[in-house]
1. Sort out for me the helices (runs of 4 or more DSSP H) sitting completely within segment 180-239 that have 3 or more residues that are closer than 21 Å to residue 281 by Cα.
2. Can you tell me which residues in segment 144-170 are assigned to a helix (DSSP H, G or I) and in contact with a helix residue (DSSP H, G or I) (Cβ under 8 Å, 6 or more places away or on another chain)?
3. Identify all residues within segment 129-143 that are part of a helix (DSSP H, G or I) and more than 17 Å from residue 117 (Cα to Cα); write none if there are none.
4. Of the residues that sit in segment 63-86 and are out of contact with any helix residue (DSSP H, G or I) (no Cβ under 8 Å at 6 or more places or on another chain) and assigned to a loop (DSSP other than H, G, I, E, B), which one is farthest from residue 287 (Cα to Cα)?
5. One residue is enough: does segment 87-95 have a residue meeting the conditions part of a helix (DSSP H, G or I), under 24 Å from residue 157 (Cβ atoms) and more than 16 Å from the chain's Cα centre (by Cα)?
6. Residues of segment 110-136 being more than 23 Å from residue 154 (Cβ to Cβ) and in contact with a helix residue (DSSP H, G or I) (Cβ under 6 Å, 6 or more places away or on another chain), which ones?
7. With respect to the numbered conditions (1) in contact with a helix residue (DSSP H, G or I) (Cβ under 9 Å, 6 or more places away or on another chain); (2) over 26 Å from residue 135 (Cβ atoms); (3) surrounded by fewer than 16 Cβ atoms within 10 Å (Cβ to Cβ), which one is the sole condition not fulfilled by residue 224?
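Just so it is clear, none of the values below were taken in a lab; they were calculated from the coordinates. Every value quoted in this text rests on a predicted model; they were computed, and no experiment measured them. Cβ: placed from backbone, ideal geometry, glycine included. Neighbour counts: every protein chain shown.
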């Protein structure tokens with residue numbers, strides 16, 4: 001059951017600091033990891049409905065991860081885990097089949113041909129820009145949705161994706177679809193749960209990695225399991241204890257997979273920030289993913 005306490009919720013206030021210009025990474029156009037099936041056709045979870053109903057009150061809270069600088073940090077952290085780079089903008093044109101059962105994985109957040117989010121993205125883009133390289137593949141994307149099939153997509157779809165990624169409008173469409181399906185719901189729900197900026201990022205990364213599913217291996221299932229063991233900050237619980245429990249549940253879901261079972265995005269990244277007590281996700285940040293070291297000064 002979801003309980004909402006907004007008054008006095010311990011939402012972190014963001015400290016604004018300019019980025020250093022020396023942390024750019026060379027582009028890497030092939031993502032190295034992606035989450036499991038992430039259909040957006042699942043029933044709307046009760047918690048998501050509650051967050052939407054209280055959107056005005058939640059959005060009146062300090063911006064936290066939604067502040068432009070913190071959102072940039074979040075994008076870099078996700079890219080380090082999904083593509084081994086901090087240059088997340090280099091990933092607009094990235095596309096490959098990772099062999100995880102989700103078909104093609106592509107773009108800045110790993111939109112998948114088998115999990116509906118890629119279909120939503122291309123439909124939205126085509127609605128505004130009908131004469132684009134991906135428009136002719138919409139019937140095929142609808143047909144393969146929910147599977148790992150490439151039928152109707154090969155051999156030209158990957159080249160069409162890369163061509164479309166040269167268009168600023170398509171890059172904007174990726175940004176907007178990411179925000180609508182993943183970033184905004186995760187941050188809003190984290191605020192409803194009384195979590196600060198680190199907690200908001202942990203929710204966002206889990207939403208991207210596991211998808212917005214209500215099953216035990218989806219984001220909402222993981223949140224339900226965590227809430228069964230620890231109270232959220234909004235419920236009067238200890239924020240660090242709850243986040244530690246949430247990360248345990250997320251980690252267990254990763255380890256239960258048959259592919260992509262690396263847990264370093266939790267073990268040597270998010271857990272490092274949490275154990276340091278960095279609930280506001282202040283820089284400098286140093287972490288490791290897949291054995292690679294990253295730093296945001």
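1. Here the list reads 184-192, 197-210.
2. If the condition is that a residue be assigned to a helix (DSSP H, G or I) and in contact with a helix residue (DSSP H, G or I) (Cβ under 8 Å, 6 or more places away or on another chain), then 157, 160, 164, 169, 170 are the ones that fit.
3. The one that is part of a helix (DSSP H, G or I) and more than 17 Å from residue 117 (Cα to Cα): 136.
4. 67
5. Yes, segment 87-95 contains at least one residue that is part of a helix (DSSP H, G or I), under 24 Å from residue 157 (Cβ atoms) and more than 16 Å from the chain's Cα centre (by Cα).
6. 124, 129
7. Condition not satisfied by residue 224: (3).
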